[in-house]
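Participant: Sharing a structure below in structure tokens format, with a few things to ask.
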Amino acid sequence: EIKAGNLAPFVFALALIAVFLFLAAQYESWTLPMLILMAVPPGILGALGYLMIRGYPLDVYGQIGLVMLIGLAAKNAILIVEFAVMSREEGKSPAAAAFEAAKLRFRPIVMTSLAFILGCVPLALATGASANSRNAIGTAVVGGMLAATFFAILFVPLFYDLVERGSARAGRLLNKRKDDEGNPHA
């Protein structure tokens, strides 16, 4: 247990790197996966806060809940970003695409998150044999999903707009610099 206790940050880092690389391959972009992974820290903070409120340590079971939470928190952000990317491909502005995606995905995100949270409440409130392990996992997931869902609904569209505008601005500056280098009399 002492040797394995030091591996938790390594496991979390590997989980985040794996999710990032899969998303980078899917979107063929480096910025959109970073945007999606920005939904993970609020979920982890929510899980840690709820564990602290309920008086549970961050043991192996809580850490299992946190690893599971990485994928679940990213799922909500993926739903919004996926629809925003499709709206951008239709020619909408970043702000319009983000708003449209948030509006279209609001109900599915809330419904799936709420169903998952309510499904984990029995884990968080379990009694009997091995209740502590179930309570730790359930508490981490319930607290983390509440925070991650709230964050995804409110802030992922905003960050999508900011990232897309920043990427477009950087692309224009890069093209301008290339044009200036190619034309010495400009």
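The values are calculated or read from the model by the stated rules, or taken from the named source; none is laboratory data. Just so we're clear, the structure is a prediction, and the values are computed from it rather than from any experiment. Virtual Cβ from ideal backbone geometry, glycine too; neighbours counted across all protein chains shown. All accessible areas refer to the heavy atoms of the entire protein, side chains included, with ligands and DNA or RNA removed. Shrake-Rupley method; radii C 1.70, N 1.55, O 1.52, S 1.80 Å.
Participant: Give the total of Lys-Lys pairs in the chain with Cα-Cα distances below 25 Å; include a pair only if its members are 8 or more places apart or on different chains.
Facilitator: Working: Lys75/Lys92; Lys75/Lys103; Lys92/Lys103; Lys92/Lys176.
Lysine pair count for the chain: 4.
Participant: Over all alpha-carbon pairs in region 32-88, figure out the percentage whose distance exceeds 17 Å.
Facilitator: Everything past 17 Å amounts to 43 percent.
Participant: Quick one: if you stick a label point 7 Å off each Cα along the C-beta vector at Val110 and Ala170, how many nm between them?
Facilitator: 3.4 nm
Participant: Calculate, in nm to one decimal, what Leu58 and Phe155 gain on full extension: separation in residues at 0.36 nm each, minus their alpha carbon distance. List each step's numbers first, then the result.
Facilitator: Details: separation 97, 0.36 × 97 = 34.92 nm, distance 2.71 nm.
This chain segment gains 32.2 nm when fully extended.
Participant: Counting only protein heavy atoms and a 1.4 Å probe, tell me what percentage of region 84-186's accessible area is made up of carbon and sulfur.
Facilitator: Carbon with sulfur: 64 percent of the solvent-accessible area.
Participant: Continuing with the same structure: Could you pull out every whole DSSP H run in the chain that spans at least 30 Å of Cα extent along its own axis and averages 1.0 or higher on the Kyte-Doolittle scale?
Facilitator: Details: long enough: 60-89 (43 Å, 1.27); 94-124 (40 Å, 1.18); 131-182 (69 Å, 0.18).
What comes out of the filter, once short or polar helices are dropped, is 60-89, 94-124.
Participant: Can you give the helix-only mean residue ellipticity at 222 nm for the chain, where every DSSP H stretch with n ≥ 4 adds -39500 (n - 2.57) and the sum goes over all residues, rounded to the nearest 500 deg cm²/dmol?
Facilitator: Values: 7 runs with 159 residues, N = 186.
About -30000 deg cm²/dmol.
Participant: Per residue, how many Å² of accessible area does the chain show with a 1.4 Å probe?
Facilitator: 58 Å²
Participant: For region 63-186, what relative contact order do you get, as a whole percent, if you take Cα pairs closer than 8 Å and at least 6 residues apart?
Facilitator: 33 percent
Participant: If R₀ is 22 angstrom, what is the calculated FRET efficiency for the pair Leu162 and Lys92, using the beta carbon separation as r and rounding to 0.05?
Facilitator: Numbers: r = 16 Å, r/R0 = 0.72.
With a Förster radius of 22 Å, E is 0.90.
Participant: Also, quick follow-up: Quick one: Cα centre-to-centre distance for region 1-79 and region 161-177, in angstrom?
Facilitator: 29 Å
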